[in-house]
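**Q** Below you'll find the structure I mean.
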Amino acid sequence: MAQFSPQRAALMALSVAHQLGDANADALNDFIATQAAFAAPGDIARAQEMARDIAQDIATAPDGVDTLLNLLAAALRGDATATAYSLCADFIALHGRVSPEEMRFLERLGDALGIDRLSRAAFDRAAQARATPLSAADEQND
């Protein structure tokens, strides 16, 4: 089984999240450009392109999503599991409504990475909070 760096694995997970949602490619590129997890030296654009292609090829194969989740779980250990999950939750939350497919992907990703439900709920709520403009939060309280 192929082994990927934690950074490439996180990019693969984000690529799947992007494919499930309705955000355009620029939204994903902009999101990645602002994340500290991808600030390490290297060609992020090239890594992102390769991760997207690999994720798409694997995910569309029979049992592909399960295979992809196994690859991600093998590549992500320790703090990298929480980082990758949080990045996906943040990216999905940025676009407002979360589709059932996106919710299911986050659930399956969390299971594959061994993140307990309580931690996932905290990550998901934090992602929603970061994605909610304060002006919208103020209007809801009026």
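The values are calculated or read from the model by the stated rules, or taken from the named source; none is laboratory data. Remember, it's a predicted structure, so these values are computed and weren't measured experimentally. Note: ideal-geometry Cβ built from the backbone for every residue, glycine included; neighbour counts use all protein chains shown.
**Q** Of the residues in the range 20-47, how many are touching a residue at least 60 places away in the same chain (Cβ under 8 Å) and part of a loop (DSSP other than H, G, I, E, B)?
**A** Residues that pass the stated criteria total 3.
**Q** Taking the criterion of being assigned to a helix (DSSP H, G or I) and touching a residue at least 60 places away in the same chain (Cβ under 8 Å), would at least one residue in the range 107-120 satisfy it?
**A** Taking every residue of the range 107-120 in turn, at least one turns out to be assigned to a helix (DSSP H, G or I) and touching a residue at least 60 places away in the same chain (Cβ under 8 Å).
**Q** Let me ask something else about it. Go through SER99, SER86 for me and flag whichever is at pLDDT 90 or above, hydroxyl-bearing (Ser, Thr, Tyr) and within 28 Å of THR132 (Cα to Cα).
**A** Matching residue, one of SER99, SER86: SER86.
Let's see how each residue does on (1) assigned to a helix (DSSP H, G or I); (2) at pLDDT 90 or above:
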site	(1), (2)
GLU49	yes, no
ASP53	yes, no
THR67	yes, no
ALA74	yes, yes
HIS95	no, no
